[in-house]
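Report on the following structure.
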Amino acid sequence: MDINKVRSDFPLLREGKTIYFDNACQSLRPQQVIDAISEYYRDYPACSGRSMHHLAVKVTQKCDEARKAVANFIGAKHKEEVIFTRNTTEGINLVAYSLGLKKGDVVITSDKEHNSNLIPWQVLKEKIGIVHKIIPSDSDGLLDMEQYDQALRDGATLVSMVFTSNLDGVSIPTEEVVKKAHQVGAKVMLDGAQAIPHQKIDVAKLDVDFLAFSGHKMLGPTGTGVLYGKRELLNKLEPFLVGGDTVSSSTYTSHEFLPIPEKFEAGLQDYAGIIGLGAAVRYLENVGFDTISHVEHELNSYITNELIKIDGLTIIGPADPTLRSGIVSFYLKGKDHHQIALMLDETAGICVRSGQHCVHSWFNSRNIPGSVRASLYFYNTMEEVESFVNNLKKVISVL
């Protein structure tokens with residue numbers, strides 16, 4: 001990979017003034033994605049599927065191409081299995097409120113769930129009385145499979161787990177998790193927001209029932225996301241949101257829903273975003289996941305090897321950086337994580353995230369106030385991680 005050529009595709013990186021290490025929050029966007037969005041607003045700013053004129057036909061064609069691109073990207077058997085949403089949160093909520101869960105049904109999650117895959121189950125527990133079981137992770141952040149096995153033996157309706165944690169970059173053993181859940185008749189949904197930009201996911205091979213992810217973490221526009229579901233399951237689900245574009249006909253007393261995916265895509269959609277997401281998928285396919293993995297591991301290894309030399313610094317997750325994807329999340333005893341992040345930004349233009357990263361439950365259970373999270377992507381460089389390490393040491397020395 002020609003890193004200079006790649007970096008020239010990203011307007012922010014062309015300036016050379018910012019080191020962007022907040023990719024777990026959202027990635028940067030290449031010019032190709034920005035151009036695809038602008039093209040929609042400039043050349044065919046119309047509705048898809050509602051009108052017969054040539055502009056509408058163009059939008060419909062472009063959105064269909066994006067749906068096909070996403071389906072191919074994740075290995076879906078049918079393009080109709082791809083539902084466009086606003087983000088991962090909406091996809092998870094769609095399943096939570098459309099699956100028909102009832103009192104006593106058991107939903108299993110991990111102890112490192114983003115609030116997007118925690119709060120819906122807490123609300124349903126309060127509202128209808130589902131049972132919510134949480135599987136702990138060990139000291140390295142790896143899922144406790146013995147406790148998972150026991151929870152399945154006790155009975156489960158749905159397993160809904162984060163594929164790769166945005167807290168520490170650790171992935172669960174997805175194939176094993178899915179296989180064991182299916183053996184007891186449970187369905188599986190994966191929060192793929194942090195996994196989809198960094199590793200190849202084949203939903204058909206994995207045999208997962210649902211997969212939710214966001215566009216903004218994978219070079220795509222904000223406010224875009226995808227829910228994948230097996231066609232036979234989506235056909236059985238009731239729509240979460242209803243109204244315009246979800247029905248083929250209605251009277252004052254009745255309605256007839258459209259087939260999937262339309263019945264789940266209520267109202268006017270973010271056509272520019274969908275088209276931009278299609279462009280992001282094509283860009284990632286050109287880069288390749290082998291390249292992405294290689295860059296992340298190389299950079300993460302350097303940062304890890306340097307940070308473990310700092311007294312009082314604790315890296316969250318396993319010591320082996322190859323198990324943490326592109327994430328290095330750490331805290332220093334007696335040092336304020338927000339202050340560290342602010343000083344890195346103000347003194348060196350280094351963008352990292354500080355706080356509890358929407359995984360408040362994990363931090364609160366361990367009485368850890370928060371962490372500094374540096375998250376890497378394929379367009380980051382060794383020079384940038386060296387600058388990060390050097391400037392971090394300077395910041396720590398004056399705190």
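Coordinate-derived values only; no laboratory data. Predicted model only: the values in this text are computed from it and were never measured. All Cβ positions, glycine included, derive from the backbone under ideal geometry; neighbour counts span all protein chains shown.
At a Förster distance of 35 Å, what's the computed FRET efficiency of residue 153 paired with residue 127, Cβ-Cβ distance as r, to 0.05? Before the final figure, lay out the partial values.
Details: r = 27 Å, r/R0 = 0.77.
FRET efficiency, residue 153 to residue 127: 0.80.
Could you compute the net charge surrounding residue 314? Neighbours are other residues with a C-beta less than 12 Å from the C-beta of residue 314; K and R count +1, D and E count -1.
Numbers: positive: 333, 335, 366; negative: 168, 311.
Taking every Cβ under 12 Å from that of residue 314, the sum is +1.
Placing +1 on the Cβ of each Lys and Arg and -1 on the Cβ of each Asp and Glu in the chain, which of 280, 104, 250 has its Cα farthest towards the positive end of the resulting dipole?
So the residue we want is 250.
For the range 33-286, take every pair of Cα atoms, bin their distances at 5 Å starting from 0, and report each bin as a whole percent.
Whole-percent P(r) values from 0 Å outward: 1, 6, 13, 17, 18, 16, 12, 8, 5, 3, 1, 0.
Please report the base-10 log of the normalised intensity I(q)/I(0) for the range 79-144, using a Debye sum with one equal scatterer per alpha carbon and no solvent, at each q in 0.16, 0.20 (1/Å).
Debye curve over Cα of the range 79-144, log10 I(q)/I(0) at q = 0.16, 0.20 Å⁻¹: -0.62, -0.86.
Towards the positive end of the charge dipole of the chain, with charges on Cβ (+1 Lys, Arg; -1 Asp, Glu), say which of 261, 74, 184 has the farthest Cα.
261
Treating only the Cα positions of the range 348-399 as identical point scatterers, give the base-10 log of I(q)/I(0) from the Debye formula at each q in 0.21 Å⁻¹.
These q points yield log10 I(q)/I(0) values of -0.87.
Any idea how many Lys pairs in the range 66-192 come in under 17 angstrom at the alpha carbon, given 8 or more places apart or on separate chains?
Going through the range 66-192 pair by pair, I get 15.
Once you have the Cα-Cα distance between residue 35 and residue 311, take 0.36 nm times their residue separation minus that, and quote the gain in nm to one decimal.
On the way: separation 276, 0.36 × 276 = 99.36 nm, distance 4.66 nm.
Between residue 35 and residue 311, full extension yields 94.7 nm more.
Efficiency by 1/(1 + (r/R0)^6): what FRET value for residue 2 and residue 360, r their Cβ-Cβ distance, R0 = 30 Å, to the nearest 0.05?
0.15
Could you pull out every one of the aspartates and glutamates with an alpha carbon less than 14 Å from that of residue 217, ignoring same-chain neighbours closer than 8 positions?
Residue 217 reaches 22, 191.
At R0 = 41 Å, how high is the FRET efficiency between residue 249 and residue 103 if r is their beta carbon distance? Nearest 0.05 is fine. Please list the in-between numbers first.
Numbers: r = 35 Å, r/R0 = 0.85.
So, using R0 = 41 Å, E works out to roughly 0.75.
Express in nm, to one decimal, how much length is gained between residue 289 and residue 339 on full extension, taking 0.36 nm for each residue of separation and deducting their alpha carbon distance.
On the way: separation 50, 0.36 × 50 = 18.00 nm, distance 3.43 nm.
So the chain would gain 14.6 nm between residue 289 and residue 339.
Any chance you could run the full-extension gain for residue 17 through residue 232? It's 0.36 nm times the residue separation minus the Cα-Cα distance, nm to one decimal. Kindly include the intermediate steps, with their values, before the conclusion.
Details: separation 215, 0.36 × 215 = 77.40 nm, distance 4.99 nm.
Gain on stretching residue 17 to residue 232: 72.4 nm.
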